[in-house]
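Trainee: Got a structure for you, written out below as structure tokens; questions coming shortly.
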Amino acid sequence: MTSPSSSVQEARKALGQRLAEIRQAAGLTKRALVHSLGWHESKASRFESGTRAPSERDLRD
């Protein structure tokens, strides 16, 4: 049986991969994305690697 924490980690990773796909499909580098949003580069990296979950506001941005 999969533990709840590993399920959350898997979901974060899947979301991160999808966010990276969307960014790439838009023709944006990670650096261009964070510059346009005023984020630190590590913030986008953490989202895409699945180590941090984005907030609703982050997703809207």
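Values quoted throughout were computed directly from the atomic coordinates according to the rules given, and no laboratory measurement underlies them. From a predicted model like this one, the values you see are computed outputs, not experimental measurements. Virtual Cβ from ideal backbone geometry, glycine too; neighbours counted across all protein chains shown.
Trainee: Count the net charge of all other residues whose Cβ sits under 10 Å from the Cβ of Asp58, scoring Lys and Arg as +1 and Asp and Glu as -1.
Mentor: Summing Lys/Arg as +1 and Asp/Glu as -1 gives +2.
Trainee: Kindly state, as a whole number, the per residue volume in cubic angstrom of the convex hull around the alpha carbon atoms of the chain. Working shown, then result.
Mentor: On the way: hull volume 4.5 nm³, N = 61.
Looking at the chain, the number lands at 74 Å³ per residue.
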